[in-house]
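Presented below is the structure to which this report refers.
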Amino acid sequence: MAPILQIKELSHVYSAGTPFQHTALDGVSFSVERGEFIGIIGHTGSGKSTLMQHLNGLLKPTAGSIALDGVDIWANKKVTRQARFRVGLVFQYPEYQLFEETVYKDIAFGPKNMGLDHKEVDRRVREAAQFVGLTEAQLEVSPFDLSGGQKRRVAIAGVIAMEPEVLILDEPTAGLDPVGREEILENIQAYRRAKNATIMMVSHSMSDVARLTQRLLVMNGSKLAMDGTPEQVFARADELVEMGLDIPEITSVFLRLKQMGLPVEPVYTIEQAVAVLKALKEGKRHA
Amino acid sequence: MLKDITLGQFFPGDSIIHRLDPRTKLVMLVVYIVALFVATSWISYGVMLAFLLGCILISRIPGKSIVRGMKPMVIILVFTAVLNVFMTQGETVWLRFWIVTITKEGCIRALFMVVRILMLVTGTFLLTYTTSPIALTDGLESLLSPLKKIRMPVHELSMMMCIALRFIPTLIEETDKIMSAQKARGADLESGNLLQKVKALVPILVPLFVSAFRRADELATAMECRCYHGGDGRTKMKLLRYSRLDLEAYCVGVILLAGVICLAVFGL
Amino acid sequence: MSEAIRVDHLNYAYPGVEDTPGVAVFTDLSLTVEEGSFVAILGSNGCGKSTLAKYFNSILLPCGGKVYVCGMDTSEDDLLLKIRRNVGMVFQNPDNQIVANVVEEDVAFGPENLGIASPEIRRRVDQALQQVGMYEFRKHAPHLLSGGQKQRIAIAGIIAMEPKCIVLDEPTAMLDPRGRREVMETVLKLNREKGITVVLITHHMDEAAKAQRVVVLHKGDVVADGTPEAVFSQVELLHKIGLAAPETVELCYALRENGFDLPLDRLDIEGCAQVLHDAVRT
């Protein structure tokens, strides 16, 4: 089967031909398999946001191509419009785009734009609300009366209701406390499991991406700087720091342990760390 | 992209025009506009145009930026031109069909009006491009300060203007973002008839207003925290002070206006 | 040492709409902040930490109890300006606190409001911009700067008023890691070199760990208060109120559950690596 997304030599130049000309993407190529959970990291201005907006056809590439399921998303108008729905994009601080009188109507905005019938819209709204943990009663209140974290979940439900095959989120947990962050990440994973969806998540929290994803794309200076498993990416800690990024604290601790002479390879989650250290200690005892 | 709109944008620089006192520039703009309306012949227009181009050259503002700023004016320009071409009575008829008559006088008048608007707008741009909005509002506040005596809220008005100018780029960026976000949910902003298009604006305008109010609220708090309490007892970091340069500029202004008036009187 | 901020039995409820009763935010909160100290106030969303900040410079006035700033009662009208020039506030969204279109004009906004003479404002603005490392950007338009840079401008705008105390309300929530580092370094420097009292409201544990003292708020009450080491070693308490400890402590905590004998007060990489090294070796 063809990869769900295939990006070839993608470049984008803003305000070409003006003094403000600025290359935001420069020859980016990668492909995404169905069901993958990918983390995208990079500091502000590295090209992440521009990249995301190409994947669902909001921005047109200056050069290069994006194929969704083997079809170029700019092949014709119909395909482009379909790409908007098949690749769902949740922007940063999505709660600031809520506009309807009720939560229900706001979540229904996307499905209605898809031209679905009343019954199908209703099913999708209720299902999406369930994914993000909104109650039936909450569907009837004004989104502006909800708390910040709840608003965020309504906005995410608004995209999930379109049942996209690829769900892209730009910093979905920004500004939330640890519990709020955890809830949103759970919601995203629930959707992924239920629909076998592909997830691409931009995040500044290295421990979140380390824990959840199987693959990391690192953007730097408009280019794709790294593409690999969290192990491979975090092993290049020095380069990441140079790019203005962090590495998970656990990884830093393990890099230090290795320097101190312990036979360990860098890990990036607490579970892995516990397992490695436990094995090490038990190995010592038996020796 | 929406972000590219340069209306009301300041280009920092160190040219003579940049260094002029904002009050001088404001008065000069008024003089320039008056002169523009006094000027009725091509010769006086030539003088005005030379003056304007001279100012642009001295200011080192790239011509491209000025041309780009003109884009939103196109509709008004076309409207003015069409109105003048069709509405002006004249003797030399160039074209006549059905109820429409196009005369030589009409075309000349249309060209005249378009050039006048273009020069008017360019002059105004030159002021906003070379003067920081704060200097501009300071200048306005200072020029209008006699009106405080008749209880005009001069300081409040200039503060409002300053904040409005500060938030134009922020709100434009925000509009851009909201539009992208709604498009990502399948909002169709381009097709449909007028009613549908107006309806399609709701998902953009509601979040924009909500956000603008939120920003206003937060800004008001932040300003209060920085001890803002109106214009009473407020000082300025940059005091407005006239220099020799300003005197010279005023002289140029007087000469320009006098010249254009003379040309008009002599009917050239 | 004298007190920069003293909160005495603070009592506050959000006013109810029409007939509904108001929601109590603080019932009886007391807290003091020593002059020259660096205090982090930690809590989950909605614990009242941002509301609390608004009492520190008379944006909100207590329904019951008193709040004193540098010895001044915040409910006294005449002292309002004096209080606000002594306690500066920096907020979460850098865009919504920058007033002017040019960096240096914005930094001058506070001193201008205070009626300071023009040459002195110039001196303070230049000094403030140098202290936050933004001097070379003084002629720039703020909206073209990065989030971290904007936030440093906002801090410069506050220190140009030469306050004794700065209260920062989640100043890094909207920034990327680079921006967060920039802001934290600036704040630490101001505290260390200029002796400015810093109150940092945050829900980032690693930022709180850099403070001298951490106060944990939950439902309008102080549930923990002490050095970062003392507070973060109470891992169970933090988990219960929806917070987490820094990752190094969480790791030691998880290892303890697995039979390791480890302390819970190692907040930095080096210290944590050291105890792990020793634990595995023995």
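Read-outs throughout are calculated quantities, based only on the coordinates presented, and are distinct from any laboratory measurement. Everything numeric in this text was worked out from a predicted model, so none of it was measured. Note that we place each Cβ from the backbone using ideal geometry, even for glycine, and neighbour counts take in every protein chain shown.
Along the charge dipole of chain C, Cβ charges K/R +1 and D/E -1, which of C:F260, C:P246, C:F38 sits furthest on the positive end?
Working it through, the farthest residue towards the positive pole turns out to be C:F38.
May I ask for the distance between the Cα centers of the range A:131-178 and the range C:76-146, given as a whole number of Å?
37 Å
What net charge do the residues around B:G186 carry, taking every other residue with its C-beta under 9 Å from that of B:G186, with Lys and Arg at +1 and Asp and Glu at -1?
Once all neighbours under 9 Å are counted, the net charge is +4.
Cα to Cα, under 28 Å, and not fewer than 8 places away if on the same chain: which lysines meet these conditions relative to B:K197?
Once the sequence-local lysines are set aside, what remains near B:K197 is A:K60, A:K77, A:K78, A:K105, A:K112, A:K119, A:K151, B:K3, B:K71, B:K177, B:K183.
So if we plug the beta-carbon distance of C:D8 and A:Q189 into 1/(1 + (r/R0)^6) with R0 = 51 Å, what FRET efficiency do we get, rounded to 0.05?
0.65
What does the net charge come to around C:T27 if you take all other residues with beta carbon closer than 11 Å to its beta carbon, with K and R at +1 and D and E at -1?
-1
Collect residues whose amide H, placed 1.01 Å from N in the peptide plane, falls under 5 Å from the amide H of B:T103; neighbours closer than 5 in sequence don't count.
B:W94
Say each of A:V13 and A:Q259 gets a label point 7 Å from the Cα, pointing the same way as Cα to Cβ; how far apart are those two points in nm?
The two pseudo-label positions are separated by 4.4 nm.
Which values of log₁₀ I(q)/I(0), to two decimal places, follow from the Debye formula for chain B at q = 0.08, 0.09 Å⁻¹ with a uniform point scatterer at every Cα?
Debye intensities relative to I(0), on a log10 scale: -0.49, -0.61.
Any chance you could run the full-extension gain for C:E257 through C:E193? It's 0.36 nm times the residue separation minus the Cα-Cα distance, nm to one decimal.
In short, 18.9 nm is gained.
Which shape class, rounded, prolate or oblate, goes with the range A:151-259 when its Cα gyration tensor gives a ≥ b ≥ c as root eigenvalues, a/c under 1.5 marks rounded, and past that a/b bigger than b/c marks prolate?
prolate
Which value in nm describes the separation of the simple spin-label points at A:A63 and B:E190, placed 7 Å from the Cα toward the beta carbon?
Using points 7 Å along Cα→Cβ, the separation is 2.5 nm.
Pop out the ³J(HN,Hα) list for the range B:163-180 in order, Karplus 6.51 cos²θ - 1.76 cosθ + 1.60 with θ = phi - 60°, rounded to Hz; leave Gly and Pro as x.
In residue order, the calculated couplings are 5, 4, 5, 4, 8, 4, x, 5, 6, 5, 4, 4, 4, 4, 5, 5, 4, 4 Hz.
Ignoring solvent entirely, what values of log10 I(q)/I(0) come out of the Debye formula for the range C:3-245 at 0.18 Å⁻¹ when each Cα is a single scatterer?
-1.40
Is the C-alpha gyration tensor of the range C:183-282 telling us rounded, prolate or oblate? Criteria: a/c under 1.5 is rounded; beyond that, a/b larger than b/c is prolate, otherwise oblate.
Oblate, because a/c is 1.5 or more while a/b does not exceed b/c.
Give me the dipole magnitude in Debye, nearest 20, for the range A:248-287 about the Cα centre, with unit charges on the beta carbon: positive for Lys and Arg, negative for Asp and Glu.
220 debye
Quick one: which residues, 5+ away or cross-chain, put their amide H under 5 Å from the amide H of C:M89? H built at 1.01 Å from N.
Hits under the 5 Å cutoff: C:V167.
Put a dot 7 Å past each Cα toward the Cβ at A:H22 and C:E35; how far apart are the dots in nm?
Going from the C:E35 label point to the A:H22 one covers 4.6 nm.
Check A:N220: other-chain or 5+ apart residues with amide H under 5 Å from its amide H, H built from backbone geometry?
A:A225
Direction-averaged shadow area of the convex hull around the Cα atoms of the protein assembly as shown, nm²?
44.2 nm²
Could you work out the local net charge near B:I56, counting Lys and Arg as +1, Asp and Glu as -1, over the other residues with Cβ closer than 15 Å to its Cβ?
+4
Please work out, to two decimal places, the log10 of the ratio I(q)/I(0) at q = 0.15, 0.20, 0.24 Å⁻¹ from a Debye calculation in which every Cα of the range B:27-135 carries one identical scatterer.
For the range B:27-135 at q = 0.15, 0.20, 0.24 Å⁻¹, log10 I(q)/I(0) is -0.73, -1.08, -1.33.
Tell me the volume per residue, in Å³, of the convex hull enclosing the alpha carbons of the range B:154-234.
Given the Cα convex hull of the range B:154-234, per-residue volume reads 106 Å³.
Any idea what diffusion coefficient chain A gets from Stokes-Einstein, in µm²/s, Kirkwood Rh on alpha carbon pairs, 25 °C, 0.890 mPa s?
120 µm²/s
Between C:F109, C:Q131, C:L81, whose Cα lies farthest towards the positive end of the dipole of the range C:1-142 when Lys and Arg beta carbons carry +1 and Asp and Glu beta carbons carry -1, centred on the Cα centre?
C:Q131
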